[in-house]
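A short write-up of the structure that comes next.
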Protein chains: 2
Amino acid sequence: MEHVVIIGAGFGGLYAARALRREPVRVTVIDRHNHHTFQPLLYQVATAGLSASDIATPIRHVLRKQKNTSVILAEVKAIDPVQKRVIFEDGELGYDKLIVAAGASHSYFGNDAWAAFAPGLKTVEDALEIRRRVLVAFEAAEREPDPARRSAWMTFVVVGAGPTGVELAGALSELSRHTLRREFRHIDPSKARIVLLEGAGQVLPSYVPELGEKAKQQLAALNVEVRTNCRVTGIDEEGVSIGDKRIEARTVLWGAGVAASAIARTLGAPLDRAGRVLVAPDLTVPGHEDIYVIGDLASLKQEDGTPVPGVAPAAIQGGRHAARNVSRTLRGLPRLPFRYNDRGSMATIGRAAAVADFGKLKLSGFLAWLAWLFVHILFLIGFRNRFLVLFSWALSYVTYQRASRLITGEIPPLLEDHHAPELEARKDGGAVRRHQPMEPARTRA
Amino acid sequence: MEHVVIIGAGFGGLYAARALRREPVRVTVIDRHNHHTFQPLLYQVATAGLSASDIATPIRHVLRKQKNTSVILAEVKAIDPVQKRVIFEDGELGYDKLIVAAGASHSYFGNDAWAAFAPGLKTVEDALEIRRRVLVAFEAAEREPDPARRSAWMTFVVVGAGPTGVELAGALSELSRHTLRREFRHIDPSKARIVLLEGAGQVLPSYVPELGEKAKQQLAALNVEVRTNCRVTGIDEEGVSIGDKRIEARTVLWGAGVAASAIARTLGAPLDRAGRVLVAPDLTVPGHEDIYVIGDLASLKQEDGTPVPGVAPAAIQGGRHAARNVSRTLRGLPRLPFRYNDRGSMATIGRAAAVADFGKLKLSGFLAWLAWLFVHILFLIGFRNRFLVLFSWALSYVTYQRASRLITGEIPPLLEDHHAPELEARKDGGAVRRHQPMEPARTRA
């Protein structure tokens, strides 16, 4: 039996594997995580609304009934298209047909030093790191007596107003204005400043201007400061530079650029500027008709000249199409060209706010949010998760609470200058430093 | 107003803070985590049954309505009883009254090198680390072609058959025999070997022999190998030594010893062998009547000569009692001695199995398990958690599935010798090494 190897169990890889479940092939799915991550809801994990396990399902559990399929946990380092094998750090595996669905990670446009200060959001680990930073920032602000430093802890900058950036900014607003509002004694979390920076001329640059404008209005209603036509020139531990302007912020999140997985480079095939593989219309790699590339790793122009977008529905359709072409090849039939069926796109902005573009039908506000919720729950893998997420969401909606507000991982010292010799005992209940006792937050609704 | 500082927001600290909510004092609760951890269910997080957020509630959320109370995130390094201040790495804080509820961590009985190979279970981080190791072990076994190595990956040793060890061993059995059973292609997870080692002569040494025997029977029914009177003499990356015997196991978990928090040593007060503070009957530290020590950090003999046990109910009662003595002191009343009211103890063993000792009434099996479940859900902090955990549990009970099977954190290379020069391309679907193709697992029910 032919051996079909699938690299990556995101939307593309998982749907490709499922489409091969009744085919006379052996399938091996390789992923560097043991779980499929439902990326559209990662921003909820990053902002403490859902727990990681709500949106992560073990890959082998999803595919457990598919007897022709093995799942292995391994990180692919390279592909050897000549010897037809996939190379891991700790082994290798031969294939007859290969479907590469390794996805993308963040791109800092050549400023890799920014990565340490502005984490992006692609994996569960990324989401937990962002959650840690956001929650620690409020804790640090509560203890920090110096007003300028406190204000830097209370400032959150999101770079990039694509769907991820918009979702993060909206959820941060919800977190600070509702969830945390009454829980601190020395700060007022609802005064947190949330800034969304976008290089292009509108919010959600991939959407029509009309919906970009709606999104901007909804963000403004959530007290998110939106700045378009704004190019970030520097990011460090203390904040963000925009030319000669400066925003002091201890928490910066990156939602701007994506870069194709480095695996693409090992194929020896032509790549586009973002490092994605320029695939043939049938999704194979030119010169290697036994290798398919799908999802965020593939670059393909449609007949009308527009590129297939890097969104979940395109990955799902690509995965199914690659599997279909594998099957057709087995039967001696010619491979078919891929056509992306664009059913629309949507982005959520916060509590009951979203924009949705279904071609002729364009929605914003509550109706768009309902549509968004419905589609996302529907596509979430696994019954238990679907139910728990819906329940968690309903409860959050009513109580304004968020389910997963725990900080895990290292907590660094929150205050600076703590070895200052002026340190002395104080009994005023604040964290003691050489500063004067701080005022309690003034407004408390 | 007097300033009462509470170190630690476990059961002791949290119940002390709550008991002070209507008193004319300012309260500050300090913890190195932002969440209260419901320790009795940590073993469920470690074995993928519950997610971390199910059993961790933000401390400031629990205390949000208590207007006389601040919560700060900080790690206490030392106490200065002369100047009456608590010292953090990044600051300090003065107090008038101090309640120390900093708890305990693992003790390896002088073999600190074992810590790296046999993690204990006290914090959410510990639980996530154990979960990572356990889930990675099955993934590695699935890829490992060498039978001896595979068998070491499939062997799990739990050291110490106290309640934590028994719970871990039982849950590991459930995980391997039910949850994972049909999801692998090259191994049969239900053949995993789970060994529970205990130095004393019975399982659950703190229980009456009758219940220890029942627990042993229930463990045997779950295929857990129990060895009592068995002293571990060595632990390394490859397994456990017991005198001149050896168990090859890649996963070893530590449930044996506890050591008091190092904060105790900075008080300059007399300590017991485990490093706990020998407190006066009113829970104060001899010589420092403004400092109370409660919970796992306190060592106190009751009137009948038996020590107050290191269990959650004792911490809760101690917290309330310390708060009461603080209030009485404020009113000019004498402090009262603490009396531990033992309402019984229970330990769960696995799916629908437990033992419970309510003095005259001794239960084991399903009834004991129901009692265990009822009490634990009742004491779990927060409505949302209580509901979600109960729901999660009910679903697991019916489906045998476990909710949180994601691996987070670093995944090391799973196979050794992977740079062996004999490496070559293979197409048999297994992870490729120089070994012959392995047989599929023989039994598959």
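What follows draws every value from the coordinates through simple rules; no lab data is involved. Source: prediction; values computed, not measured. All Cβ positions, glycine included, derive from the backbone under ideal geometry; neighbour counts span all protein chains shown.
What net charge is computed for the residues neighbouring A:S345, neighbours being all others with C-beta under 12 Å from the C-beta of A:S345, Lys and Arg scored +1, Asp and Glu -1?
Within the 12 Å Cβ shell, the charges total 0.
Placing a label point 7 Å from Cα toward Cβ, how far apart in nm is A:D272 from its equivalents in the other copies, listed shortest first to one decimal?
Counterpart label points of A:D272 in the remaining copies fall at 6.8 nm.
What ranking do A:I381, B:I242, A:I291 get, fewest neighbouring Cβ atoms within 10 angstrom at the top?
Going from sparsest to densest Cβ surroundings: B:I242, A:I381, A:I291.
Could you work out the relative contact order of segment B:79-186, using alpha carbon pairs under 8 angstrom and six or more residues apart, expressed as a whole percent?
Rounded, it is 12 percent for segment B:79-186.
Let me know the shape class of segment A:37-118, please: from the alpha-carbon gyration tensor, a ≥ b ≥ c as square roots of the eigenvalues, rounded when a/c is under 1.5, otherwise prolate if a/b is greater than b/c, or oblate.
oblate
Enter the Cα centre distance for the pair segment B:285-314 and segment B:184-231, rounded to the nearest angstrom.
Cα centroid of segment B:285-314 versus Cα centroid of segment B:184-231: 31 Å apart.
When the helix-only estimate is applied to chain A (DSSP H runs of n ≥ 4, each -39,500 (n - 2.57), divided by the residue count), what is the mean residue ellipticity at 222 nm, nearest 500 deg cm²/dmol?
Mean residue ellipticity at 222 nm (helix-derived): -8500 deg cm²/dmol.
Order these by the 10 Å Cβ neighbour count, fewest first: B:D31, A:D80, A:D236, A:D54.
Ascending number of Cβ neighbours within 10 Å: A:D236, A:D80, B:D31, A:D54.
In debye, nearest 20, what is the charge dipole magnitude of segment B:107-256 about its Cα centre with +1 on Lys and Arg Cβ and -1 on Asp and Glu Cβ, if you could check?
380 debye
Hey, which of these cross-link pairs are over 19 Å Cα-Cα: B:K216/B:K362; A:K216/A:K360; A:K65/A:K97; B:K67/B:K122; A:K301/A:K360; B:K214/B:K362?
A:K216/A:K360; A:K65/A:K97; B:K67/B:K122; A:K301/A:K360
Would you tally the net charge around B:I411, using a Cβ to Cβ cut-off of less than 9 Å, leaving B:I411 out, and scoring K and R as +1, D and E as -1?
It works out to a net charge of -1.
Using Cβ counts within 10 Å as a stand-in for footprinting exposure, how do B:T47, B:T408, B:T179, B:T233 rank, fewest first?
B:T233, B:T179, B:T408, B:T47
Just name one of A:V232, A:Y207, A:L222: the one whose Cα is farthest towards the positive end of the charge dipole of segment A:108-257 (beta-carbon charges, Lys/Arg +1, Asp/Glu -1).
Ranked along the dipole, the leading option is A:L222.
Which one, A:A116, A:G409, A:Y15, projects farthest toward the positive side of the charge dipole computed for chain A from Cβ point charges (K/R +1, D/E -1)?
After comparing all options, I get A:Y15.
Multiplying the sequence separation of A:R273 and A:F391 by 0.36 nm and subtracting their Cα-Cα distance, what value in nm do you get?
Working it through step by step, the gained length comes to 38.2 nm.
What's the angle, to the nearest 10 degrees (0 to 90), between helix B:366-379's Cα axis and the longest principal axis of chain B?
Taking Cα atoms only, the helix is inclined about 50 degrees.
Through the Karplus equation 6.51 cos²θ - 1.76 cosθ + 1.60, θ set to phi - 60°, convert the phi angles of segment B:275-290 into ³J(HN,Hα) values in whole Hz; use x for Gly and Pro.
x, 7, 7, 6, 8, 6, x, 8, 6, 7, 8, x, x, 9, 6, 9
Looking at the axis that maps chain B onto chain A, which chain B residue has the closest Cβ, and how far off is it in Å, rounded to a whole number?
B:S51, 2
Using a/c under 1.5 as the rounded threshold, could you call the protein assembly as shown rounded, prolate or oblate? The axes a ≥ b ≥ c are square roots of the C-alpha gyration tensor eigenvalues, and prolate needs a/b larger than b/c, oblate otherwise.
It comes out oblate by the Cα gyration axes.
Across chain B, where is the longest run that never hits chymotrypsin sites (Phe, Trp or Tyr not before Pro) in a DSSP loop with at most 15 other C-beta atoms within 10 Å?
Here the longest run is B:110-399.
So which trypsin sites (Lys or Arg not before Pro) in segment A:242-271 are both in a DSSP loop and have at most 11 other Cβ atoms within 10 Å of their Cβ?
none
Quick one: net charge around B:S299, please, counting Lys, Arg +1 and Asp, Glu -1 for every other residue with C-beta under 10 Å from its C-beta.
Every neighbour counted, the sum reads +1.
Which whole-number percent gives the relative contact order of segment A:108-257, counting Cα pairs below 8 Å spaced six or more residues apart?
Relative contact order, segment A:108-257: 32 percent.
Using only atoms on other chains, find how many Cβ atoms lie within 10 Å of each Cβ of peptide B:64-74 and report the average.
5
Tell me the distances, shortest first, between B:S206 and the same position across the other copies, using label points 7 Å along Cα→Cβ, in nm to one decimal.
Reported distances to equivalent positions: 5.5 nm.
What nm distances, shortest first, do you get from the label point of A:F379 to those in the other copies when the point sits 7 angstrom along Cα to Cβ?
A:F379 label point versus its equivalents elsewhere: 4.5 nm.
Quote the charge dipole size of segment B:269-382 about the Cα centre in Debye, to the nearest 20; the model charges only the Cβ of Lys and Arg (+1) and of Asp and Glu (-1).
260 debye
Measure out, as a whole number of angstrom, how far apart the alpha-carbon centroids of segment B:386-405 and segment A:4-64 sit.
Result: 21 Å between the Cα centres.
Suppose each label sits 7 Å from its Cα in the direction of the beta carbon; what would the B:T228-B:K362 distance come out to in nanometres?
Using points 7 Å along Cα→Cβ, the separation is 1.2 nm.
Would you work out which of B:G160, B:T251, B:P189 lies farthest towards the positive end of the dipole of segment B:107-256? Charges go on Cβ: Lys and Arg +1, Asp and Glu -1.
B:P189
For B:A115 and A:R339, what does the FRET efficiency come to when R0 = 35 Å and r is the distance between their Cβ atoms, rounded to the nearest 0.05?
Here the calculated transfer efficiency is 0.05.
Checking the a/c ratio against 1.5 first, then a/b against b/c, what shape does the Cα gyration tensor give for segment B:150-236?
It comes out oblate by the Cα gyration axes.
Using Cα-Cα distances under 8 Å and only pairs 6 or more residues apart, what relative contact order does chain B have, in percent?
19 percent
Could you size up the charge dipole of chain A around its Cα centre, putting +1 on the beta carbon of Lys and Arg and -1 on that of Asp and Glu, and report it in debye to the nearest 20?
Here the size comes out at about 1540 debye.
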